[in-house]
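Colleague: For reference, the structure I am asking about is given below.
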Amino acid sequence: MKQILVGFHAVQARLRVDPVSLKSVYFDPSRRDRRMGDFLKQAEEVLGERLHAADSERLHKLAGHDRHQGVVALADKMTVARTITEVIEDAQSNQSQAMFLVLDGVTDPHNFGACLRVADGAGVDAVVIPKDRSASINATVSKVSSGASEVMPVITVTNLVRSMREMQEAGVWLIGTDDEATKSIYDIDLTGPIGIVMGAEGEGMRRLTRETCDELVRIPMQGVVESLNVSVASGVCLYEALRQRLAKTPK
């Protein structure tokens, strides 16, 4: 199955992790700035005849819009998803604590891409999403994620609650966010195997998802805004977990 990669971040990420999967990469020869120069230097060494100059009309047709930065690629779809059990076992073998981001019904591709970007930055081992009522990886997600969608394992499950229970049985502590929770994200220990559970835009987590969480926490809000965008909220929680883990690591 082929996919379209749009923009520098997405194409460069694929160049780093799986250049063979890139079938054709198109660039705008009229763009002669340093960023394009650096990209072409990297791409020419790896791609050879798979690198093609293309005019703006061709790039627009491939990307479906003009926000392509002058770089579009056709690639084989790369499968980085694994099973939840494999992720946990890999973490244990590396003497680390697994960290998941669980997204319940995040359907907006921009939010999904941003969640993948922050998950990659915070060191998440895998993102878990339901098969239904969820965005899937496409060109928009790839671009917004700045290449994170190319390397972040995304595990799609048929029944989210059942998968959450499997995680719990394996020792993963599931923490959901709720504006009415007594404890804040800063009040709990996030250094063990955890899954941060986030709900959909506007609706939040579904009832069964909320009830399956081991603990509910809130993100302190000091202004008039009642809640944060799901990707921002994910970043707050994941980076608090990362902070705690780094603080616990022997120097």
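The values are calculated or read from the model by the stated rules, or taken from the named source; none is laboratory data. Everything numeric here is computed off the predicted structure, so don't read it as measured data. Cβ coordinates were reconstructed from backbone atoms using ideal geometry, including for glycine residues, and neighbour counts include every protein chain displayed. Keep in mind that these areas ignore ligands, DNA and RNA; they rest on the heavy atoms of the full protein, side chains included. Shrake-Rupley method; radii C 1.70, N 1.55, O 1.52, S 1.80 Å.
Colleague: Yes or no: V102 among the hydrophobic types (A, V, I, L, M, F, W, C), more than 28 Å from G199 (Cβ to Cβ) and buried (at least 23 other Cβ atoms within 10 Å of the Cβ)?
Modeller: Numbers: among the hydrophobic types (A, V, I, L, M, F, W, C): yes; more than 28 Å from G199 (Cβ to Cβ): no; buried (at least 23 other Cβ atoms within 10 Å of the Cβ): yes.
Judged against the criteria, V102 is not a match.
Colleague: Please go through the stretch 185-229 and pick out each residue that is within 19 Å of the chain's Cα centre (by Cα) and either aliphatic (A, V, I, L, M) or outside any strand (DSSP E or B) (or both).
Modeller: Here is the first cut: in the stretch 185-229, the ones within 19 Å of the chain's Cα centre (by Cα) are 193-201, 204-205, 228-229.
Hits for the stretch 185-229 are P193, I194, I196, V197, M198, A200, E201, M205, L228, N229.
Colleague: Within the stretch 137-148, track down each residue that is at negative phi and open to solvent by 10 Å² or more (accessible area, probe 1.4 Å). Talk me through it step by step, then tell me what you get.
Modeller: Step one: filter the stretch 137-148 for residues at negative phi, giving 137-145, 148.
Answer for the stretch 137-148, where residues must be at negative phi and open to solvent by 10 Å² or more (accessible area, probe 1.4 Å): I137, N138, A139, T140, K143, V144.
Colleague: Quick one: count up the residues across the stretch 85-99 that are open to solvent by less than 20 Å² (accessible area, probe 1.4 Å) and modelled with pLDDT of 90 or more.
Modeller: 2
Colleague: Say whether the condition of being surrounded by 23 or more Cβ atoms within 10 Å (Cβ to Cβ) and closer than 30 Å to V11 by Cα is met by at least one residue in the stretch 197-207.
Modeller: Restricting attention to the stretch 197-207, the residues satisfying the condition of being surrounded by 23 or more Cβ atoms within 10 Å (Cβ to Cβ) are 197-198, 205.
Next, from what is left, pick out any that are closer than 30 Å to V11 by Cα: 197-198.
Within the stretch 197-207, one or more residues are surrounded by 23 or more Cβ atoms within 10 Å (Cβ to Cβ) and closer than 30 Å to V11 by Cα.
Colleague: I129 fails exactly one of the following numbered conditions: (1) open to solvent by 20 Å² or more (accessible area, probe 1.4 Å); (2) modelled with pLDDT of 90 or more; (3) hydrophobic (A, V, I, L, M, F, W, C). What is the number of that condition?
Modeller: Here I129 meets the rest and fails (1).
Colleague: Further question on the same structure: Can you tell me how many residues within the stretch 121-143 are assigned to a loop (DSSP other than H, G, I, E, B) and small (G, A, S)? So that I can check it myself, show each step before the final result.
Modeller: So the first thing to find is which residues in the stretch 121-143 are assigned to a loop (DSSP other than H, G, I, E, B), and the list is 123-125, 131-138.
Those still in the list that are small (G, A, S) too: 123, 134-136.
Number of matching residues: 4.
Colleague: Which members of the stretch 52-68 meet the condition of being touching a Phe, Trp or Tyr at 6+ places or on another chain (Cβ under 7 Å) and either at pLDDT below 90 or not in a loop (DSSP other than H, G, I, E, B) (or both)?
Modeller: Kept after step one, since they are touching a Phe, Trp or Tyr at 6+ places or on another chain (Cβ under 7 Å), are these residues of the stretch 52-68: 52-54, 58-59, 62.
Within the stretch 52-68, H52, A53, R58, L59, L62 meet the criteria.
Colleague: Here's another thing I want to ask about it. Across the stretch 45-69, which residue is surrounded by the fewest Cβ atoms within 10 Å (Cβ to Cβ) among those that are farther than 24 Å from S146 by Cβ and free of Cβ contacts under 8 Å to residues at least 24 places away in the same chain?
Modeller: Top of the filtered list is E49.
Colleague: Scan the stretch 69-120 for residues that are more than 20 Å from L160 (Cβ to Cβ), of a type in the set (G, A, S) and assigned to a loop (DSSP other than H, G, I, E, B) and jot them down.
Modeller: G70, S96
Colleague: Looking only at the stretch 156-167, which residues are open to solvent by 50 Å² or more (accessible area, probe 1.4 Å) and either under 20 Å from L190 (Cβ atoms) or assigned to a helix (DSSP H, G or I) (or both)? Outline the logic, then answer.
Modeller: Quick first cut of the stretch 156-167, residues open to solvent by 50 Å² or more (accessible area, probe 1.4 Å) only: 156, 158-159, 162, 165-166.
R162, R165, E166 - these are the residues of the stretch 156-167 that are open to solvent by 50 Å² or more (accessible area, probe 1.4 Å) and either under 20 Å from L190 (Cβ atoms) or assigned to a helix (DSSP H, G or I) (or both).
Colleague: Considering the stretch 22-38 alone, what residues qualify as being crowded, with 18+ Cβ neighbours inside 10 Å and not in a loop (DSSP other than H, G, I, E, B)?
Modeller: If we filter the stretch 22-38 for residues that are crowded, with 18+ Cβ neighbours inside 10 Å, which is where we start, we get 22, 25-28, 36.
Within the stretch 22-38, L22, V25, Y26, F27, M36 qualify.
Colleague: Filter the stretch 168-184 down to residues that are open to solvent by 10 Å² or more (accessible area, probe 1.4 Å) and in a loop (DSSP other than H, G, I, E, B), then give me how many there are.
Modeller: Total satisfying the criteria: 8.
Colleague: Suppose the filter is of a type outside the set (K, R) and out of contact with any Pro (no Cβ under 9 Å at 6 or more places or on another chain); does G113 pass it? Give the steps one after another, and end with the answer.
Modeller: Values: of a type outside the set (K, R): yes; out of contact with any Pro (no Cβ under 9 Å at 6 or more places or on another chain): yes.
Considered against the rule, which asks whether it is of a type outside the set (K, R) and out of contact with any Pro (no Cβ under 9 Å at 6 or more places or on another chain), G113 comes out as yes.
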